[in-house]
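The values are calculated or read from the model by the stated rules, or taken from the named source; none is laboratory data. All values derive from a computational prediction rather than experimental measurement. For neighbour counting, all protein chains shown are included, and Cβ atoms are generated from backbone atoms with ideal geometry for every residue, glycine included. We work out accessible area using only protein heavy atoms, side chains counted, and drop any ligands, DNA or RNA first. Shrake-Rupley method; radii C 1.70, N 1.55, O 1.52, S 1.80 Å.
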Amino acid sequence: MPTTIGVLALQGDVREHVRTLEDLGVATTRVRRPEELEQVDGLVLPGGESTTMARLLRTFGLLEPLRARIAGGMPAFGTCAGMILLADRVRDGAAGQETVGGLDVTVRRNAFGRQVDSFETALAVDGLADPVHAVFIRAPWVEEVGPGVDVLAVAADHPVAVRQDALLATSFHPEVDTDGRVHRMFVEMVG
Ligand SMILES: NC(=O)CC[C@H](N)C(=O)O
């Protein structure tokens, strides 16, 4: 069986992730139901709105199955809202905001503040030879990392790309660019 990477398709920039993965030659499927989650070797959690996505995860009966797969070692890659969903702890979340969890970090939602709600920058990422063109849109940053977490990139003195075992998360949106190198890192993690 060839490797298949799922893109969580409840809300957010699903199409951009699918396109980026397909450009890398990876078989990709949209995941909306638990049966679809069972079929994939890894999962991308897109950017969008983390509170909405968390609510939809519960509505679609995906929250517990997804927690179980992540606990079982399935690779997952979250961008922006997806990073928030993977985080164990959220600051400035909506009241009672749930996450999927698994990544031993504390993130702050909308961390970069009003003036720089959205910005782009050339960002050095560990493991990549040249900087990536990083697009931040009402992005979170990471405020605390557990001992097993590697920080791969820093902006405004805070981690904005992290990895822990099979989990990868970025505050920015590599899927809105044609670069593909960050997704390739994830594809290699899926194996
Ligand atoms: N571009 C994004 O994914 C923004 C994330 C959004 N601010 C949230 O809290 O979910």
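Cβ separations smaller than 7 Å between residues 6+ apart or across chains give the following pairs from region 73-97 residues that are closer than 18 Å to Val14 by Cβ to residues that are of a type in the set (D, E, K, R): Thr79/Glu175; Ala81/Glu49; Ile84/Arg109. The residues of region 91-117 that are closer than 26 Å to Gly61 by Cβ, touching a strand residue (DSSP E or B) at 6+ places or on another chain (Cβ under 7 Å) and part of a loop (DSSP other than H, G, I, E, B), listed by number, are Gln97, Thr99, Gly101, Gly102, Arg109.
Scanning region 59-88 for residues that are assigned to a helix (DSSP H, G or I) and within 13 Å of the ligand (Cβ to nearest atom) returns Ala81, Gly82, Met83, Ile84, Leu85, Leu86. Inclusion of Glu144 among residues that are out of contact with any helix residue (DSSP H, G or I) (no Cβ under 9 Å at 6 or more places or on another chain), closer than 21 Å to Val14 by Cα, open to solvent by 40 Å² or more (accessible area, probe 1.4 Å) and of a type outside the set (Ser, Thr, Tyr) is not warranted. On the stretch given as region 114-133, residues that are small (Gly, Ala, Ser) and within 12 Å of the ligand (Cβ to nearest atom) total 1. Scanning region 100-141 for residues that are of a type in the set (Lys, Arg) and open to solvent by 50 Å² or more (accessible area, probe 1.4 Å) gives Arg108, Arg114, Arg138. Looking only at region 151-171, which residues are open to solvent by less than 50 Å² (accessible area, probe 1.4 Å) and either of a type in the set (Asp, Glu) or in contact with a Gly (Cβ under 9 Å, 6 or more places away or on another chain) (or both)? Leu152, Gln164, Ala166, Leu167, Leu168, Ala169, Thr170 - these are the residues of region 151-171 that are open to solvent by less than 50 Å² (accessible area, probe 1.4 Å) and either of a type in the set (Asp, Glu) or in contact with a Gly (Cβ under 9 Å, 6 or more places away or on another chain) (or both).
Evaluating Val162 against the criteria (1) more than 15 Å from the ligand (Cβ to nearest atom); (2) within 19 Å of Gly48 (Cβ to Cβ); (3) part of a strand (DSSP E or B) leaves one unmet condition, (2). Scanning region 1-41 for residues that are outside any helix (DSSP H, G or I) and free of Cβ contacts under 8 Å to residues at least 12 places away in the same chain yields Met1, Gly25.
Do we find that Gly191 is of a type outside the set (A, V, I, L, M, F, W, C) and away from the ligand (no atom under 16 Å from the Cβ) in this structure? Yes; evaluated as a whole, the condition is true for this residue.
Scanning region 51-99 for residues that are over 16 Å from the mean Cα position of the chain (by Cα) and polar (S, T, N, Q), we see that the one that is surrounded by the fewest Cβ atoms within 10 Å (Cβ to Cβ) is Thr59.
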